[in-house]
1. So, in Å, what gap is there between the alpha-carbon centers of the stretch 68-126 and the stretch 298-346?
2. Set the Förster radius R0 to 51 Å, insert the Cβ-Cβ distance between VAL190 and ILE359 as r into 1/(1 + (r/R0)^6), and round the FRET efficiency to 0.05.
3. Hey, what's the stretch 113-251 come to in accessible area per residue, 1.4 Å probe, Å²?
4. Can you work out the FRET efficiency for the pair SER96 and TRP150, with r the C-beta to C-beta distance and R0 = 56 Å, to the nearest 0.05?
5. What nm distance separates the two modelled labels at PHE244 and ARG26, each placed 7 Å from Cα along Cα→Cβ?
6. Take the cross-link list LYS95/LYS255; LYS283/LYS370; LYS35/LYS370; LYS263/LYS302; LYS263/LYS395 and give me the ones stretching past 28 Å between alpha-carbons.
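The values are calculated or read from the model by the stated rules, or taken from the named source; none is laboratory data. Being a predicted model, the structure only gives us computed values, none of them experimental. Glycine also receives a Cβ, built like all others from the backbone with ideal geometry; neighbour counts cover every protein chain displayed. Just so you know, the surface numbers come from the protein's heavy atoms only, side chains and all, with ligands and any DNA or RNA stripped out. Shrake-Rupley method; radii C 1.70, N 1.55, O 1.52, S 1.80 Å.
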Amino acid sequence: ALMLLTACIPFVVSFFIVLFIFLAGRRRLAEFRDKRLVQEHMSRSLSKAFTTADEHEHLLAAEGAYTPDRVRAMVDATSFFYMFEEWLGYLDVDKSLSAEVFITVVFVLFVFLPASLVYSAGILIRATYVEAQCEYRPDRCKCLSEVHPWDFVPNAIQLFAYVYCGITCEEMSLYFLRISHNIYRRITRVLFYTILFLMWWFTVFLFTVVAFFICIGVFTRPVWLLPYAIAFVGLIACVSTYYFRLVKFRTRVRKAVECRLVKYRNELLRAMPATVIDVLIIKNMDAAMADNGQSQPQIITKCLQFALIQVGIYGFLFVGFAAFTQRSDQVAGGINSFLVFTVALAGRQFAVGFTGQGIVKEQVTIVERKIMVSLRRVFEMVTDQVDMARRMFLKMRFGIDQAGVGETDATSEGSSSGESLEQQEMQQRQMLEG
């Protein structure tokens, strides 16, 4: 009963964790699709923005952006790997060869890393089970080579890893080959999301089981397992604190940039229509944020680097503890726990950073100015292009008007000369009759 309870709790907890991640991703996908439909419709409406003076005539109309055909095309295009590439910041940009290689490597790691963890877990489960069954058997070698009744469990886990790799590689290949969105690709996408949910569920379940047993072990063998529990809790707390600090900083920077853009937008209205300005802001805001290290992938990368550094420090400490201390020594266990707690405390202090209001405000101002410099360059370049296009349009229109005036003058001259000839002929006829 106790083993069943210890397995059910991580099972349920991991399910809700993965369900929360998928629901958050679904909400993010819906927001992205709405935003992309709006951008495409605004881009198609730019011609109206230059040809009409009434701003309400070229603002976004919901029925124009959310037609069934466009919504269906957007749903078909926004696959998982499409969103993954957008999250990396390489979507709809000119990519170099190194960037293409980097994207491919990241995709391949995403496919095979969870599968390798699950496959290794299957091997470890079988090895642990066989070792427990054959520990006290006199024919140990024969026992290790026998087929045990629970061997189907690790075999099923390994088969699940193979199926995951196959379906995920199929979905990734269809994305890279830009295959049309037919019924086969839609079925493959459904299978991919199903197997992805199950794979993440099982992966999180494994980590949850390890953490749960470490927490239980603290009460049974505190001298031995307390440093591991402190390291685990400290790692989660430090990485979470560091992540929320970076997200909060990015939010403050974005709000500062948006406030500055409200003032700058009024200046730009003198040079170009409002729709053009809105399209430029939407398309260049995220790019400018990413160029200054304020995108979501860059924040995740920083958190991963921070986590790897902490894992390396903890690993170094645990190797030293295993080599130079005894597990049953209470004094050594207390010293080990104190050292691990000190490392966790130092990591948290780094994650919190300098919390002074003046320092944070100064950092926000510095980043905000850099972003505004990038956006001003884009706006100035587009303003010059729009001004040049308007001048060319006016010159062409002036030339057309002049040509029309010339044709009108020539027509009037031709008609007046024709009338004078007719009058001369009438006079000659009257003289001859007289």
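1. Spelled out, the Cα-based centre of one part sits 33 Å from the other.
2. Between VAL190 and ILE359 the formula returns 0.55.
3. 59
4. 0.65
5. 2.6
6. Table pairs above 28 Å Cα-Cα are LYS95/LYS255; LYS263/LYS302; LYS263/LYS395.
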